Amino acid sequence: MERWPTRTSSNQWVLTGATGAIAVLAAVLAITPIVSLIVIAIANTGDLWSHLARYVLPVAMLHTVMLLAGVAAATTVIGVGTAWAVSTFEFPGRRILTWLLPLPLSFPTYIVAYVYVDLLDAFGPVQSALRAIVGWRSAADYWFPNVRSLGGAIFVVSFVLYPYVYLAARAMFQTQAAQLAEAARVLGASPWRLAYEITLPLARPAIAVGLALVLLETLNDIGASEYLGVPTLTLSIFATWLNRGSLEGAAQLACFMLLIVALLIALERYGRRRRAFVALTHQGARLSSRISLRGAMGFVATLACLVPVLLGFLIPIGFLVREVIVRGLLIGFDTDLVRHALTTAGLAVVATAIVLLIGFSAVAAQRYLRKQAIAACVNVGSIGYAIPGTVLALGLMSPLVWVDEGINALARLVGGPGTGLLLAGSMAAVIVAYVIRFLAIAIGFAQAGFARIAIEFDDVARMLGAGPNALARTIHLPLARPAIWGASLLIFVDCLKELPATLLLRPLNTETLATYIYQFATRGNFEEGSLAALIIVAVGIVPIMYITRRATLGSMMRNRP
Amino acid sequence: MSICARPLAKLALAGAAIVATVAPVFAQTGGNVNVYTYRERGLIQPIFDVFTKETGIKVNVISAGSGLEQRIKTEGANSPADVLLTVDIGRVQDAVRLGITQQVKSDVLDKTIQPQYRDPAGHWYGISLRSRVIYASKERVPQNAITYEELADPKWKGKICTRSGQYIYNNALFAAFIAHHGEAKAEQWLKGLKANLAQRPSGGDRETARDILAGKCDLGIGNTYYWALMLNKEADRKPWAEATKVILSTFKDGGTHMNIAAAVLARYAPNKSNAIKLMEWLVGETAQHMHADANFEYPVRAGIAINPTIASYGTLKPDPLALSAIASNKAAAANLVDKVGFDN
């Protein structure tokens, strides 16, 4: 159906057309690496596939599923529990804890894995202290849980990623759940009954979305599971590629992984079913009175919320700070680090700008053009977030080179010199990967942002003769500003942390902070990269605080396609 | 398009400006050479720095842990890669198999490098050597010689630590075992070794030494240079090295398993003559001394002294097995590791 009557001038049409074209571009970008991967995967690999199916896939699937299940259980308990506690009760330190609880998100998972191996191994401070206290002579004299295990991986991943669930659940607890809870309390329901019968069921859609993000991130991880020795599907893809030199076999496994991703997304949708009753009342929805916990109960609540913060944030931060000091990394400052930090920031800024432009334009097109096809494009554009970085890079390389070869052919056609690898050989490759991977964030925020702007505004503006240009400038843009900010900050942080795709695609003489740390890590010296790790975390904290304040994460996720 | 166009444009400009200021300056008197490397940046960069100082040729680098061959292949005729520095013979052969290498004709390389450490056709040249040996507890392991075959002996039950069986260095060792004994015997051996492991394979070679110090195991499999790095360059890991001794393990009817770090000339190298200069320079005296003393590897060039720490392991008796035999069994070794569930 047409939104713009005849009075709209032709250049307005160009504008809406452009947004539509961008929506299509978003879909094309996201689908490209997947198609490329499938093309690689259908090559004949002889009897390799039967070997993979018999010996590799079952083990990898089992470990991947156990990892996902463990992380799902742990992050749900931690995320929902803490969100519920800080929303329902008043206890000592609650205010500070609401700020601290999301912060583990600023850590790249693999860094926390390194930290805990250092802390908990036989010569780490924990076991050393234990031996000194109890009087054991060597690590062979007692049993201590091994971090390098499936359990260790679940522990590490969960304490880094639970904030996704926390933020989503908290946004829900604060808003519409609160009103009903209030009513139930007036009618005399106990806090527990409240939780089981009202708060949790209402929060389910939000929890499902947060959980889906957690699990996609878990699948994407390669650094932590490699270091902790968990043979996941992602690792098997790597081993197949490297040890058998079989990109085709790796692509076949990668397609399998995309199946898991599809399954996760389906589960998320199922978890979010009947979300129609979720109406966001923006203001004044906060619980007017929290239940005061005094004495021992208050202490228990404080402790329960402190533990995740301690394990997921304070301890790793403390470790990094200590390493920076002990190793004199500030005094013997590696000047290359400044260059790498600037490169990282530059890449992240450019990628964020492009992602915002594409994401918000595509969603604008969805609103202006109201075409099924555009909506479908926007949906497809979001799948990039579900493609693990390694898989994305594998799939992206060939298409980039094809485009480059096309440009070369054109250049020669007009008699010019060859242009080399304009995309694949430059920072453009990394930026394209970031754009595909993080487009879903911009789209999610944009949809949430636009959803808050009543469609009547558009109609009124239209009746007053405003075209899409004026509408965008005077109404949509100002009202969507919080969403734009929220999206840009989150995308920026994700770009800073991105490792696997950057590693495979970066051009000559280029390091980002993440690849810089990784170099030390592969050498078994990750501590030397502590300063770089601290910079990533420090930069990441700002946006997370911002998002916490606006609690936009929850609302953006509820409105994700 | 108008949506947020102006702030976005500003943002993009700012980003582009940052990228531009940090972008490498490519103009240099002696030209450039573009190196894709699996060698750790920290270890190889000092060597490149000296090369640049001596020749005026600027070395541009991409370092990664994996995927470089595939990247060069995908980049095709426009690839900027001149030289690929890689470790492990299997990877070297992969590069040749993928068709991303080209023949080098260089008297310097042919004269300097012993025939078994270079490709007769000139597609790859070894630039340094390492062997994969046994780290053993000084306290708990009295013997000073051991065979690889012996690692499957039940007397070591629950006493051996190692990293993932799919890691390239273990992969090459297992491939060498297949080359010596055939696949069936290798499978039995791997099963025996798996049964002797104290814990699920994880970590790296350094952690293997640490686990021995911790008393979790008595024997570990490790590369020669890691132990020397811990002892000489990594103060906080020195105790790990000191708790262990390096035994130059051998095959029963052979010698110590050797592997190489090698250089190949990329098929479409845009700076071919500089690339060959670099390859020749890497086997020259300066670079070979650096490989020996900074990286603790065995030099490929005759007459370069082995570092004292490495020499302290004893007299090396390299396995006479052709490196190509290791490479051709690489996939079989990877399959066996899956089959016996080595990493599970």
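Values quoted throughout were computed directly from the atomic coordinates according to the rules given, and no laboratory measurement underlies them. Just so it is clear, the structure is predicted and the values come from calculations on it, not from any experiment. Because the Cβ atoms are built from the backbone with ideal geometry, glycine has one as well, and the counts that use them run over all protein chains shown.
In table form, for the structure just shown:
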item: Cubic angstrom per residue, convex hull over Cα atoms of segment A:34-85; result: 72
item: Shape of segment B:157-289, Cα gyration tensor, a/c cut at 1.5; result: oblate
item: For segment A:77-208: span of alpha carbons on each principal axis (Å, largest first); result: 61, 30, 26
item: Against the rule of thumb 2.2 N^0.38 Å, how large the Cα Rg of segment A:335-403 comes out; result: 1.46
item: Per principal axis, descending, Cα span of chain B in whole Å; result: 71, 57, 40
item: Against the rule of thumb 2.2 N^0.38 Å, how large the Cα Rg of chain A comes out; result: 1.02
item: Ascending count of other beta-carbon atoms within 10 Å, so fewest first, for A:I535, A:I374; result: A:I535, A:I374
item: Total formal charge among the other residues, if their Cβ is under 13 angstrom from that of B:A311, Lys/Arg +1 and Asp/Glu -1; result: -2
item: Alpha-carbon spread of segment B:27-109, three principal axes, descending order, Å; result: 34, 27, 27
item: Gyration tensor verdict on segment A:402-561 (Cα atoms; rounded if a/c is under 1.5, prolate if a/b is larger than b/c, oblate otherwise); result: oblate
item: Total formal charge among the other residues, if their Cβ is under 11 angstrom from that of B:V283, Lys/Arg +1 and Asp/Glu -1; result: 0
item: DSSP bridge orientation in the protein assembly as shown - percent antiparallel, rounded to nearest 5; result: 60
item: Eligible lysines near B:K155 by straight Cα distance, threshold 18 Å, same-chain separation 8 or greater; result: B:K138, B:K191, B:K194, B:K216, B:K252
item: Beta bridges per DSSP with both ends in chain B, % antiparallel, nearest 5; result: 65
item: Residue among B:A176, B:A81, B:A145 with the largest mean-square fluctuation in a Gaussian network model of chain B, springs linking Cα atoms under 10 Å; result: B:A145
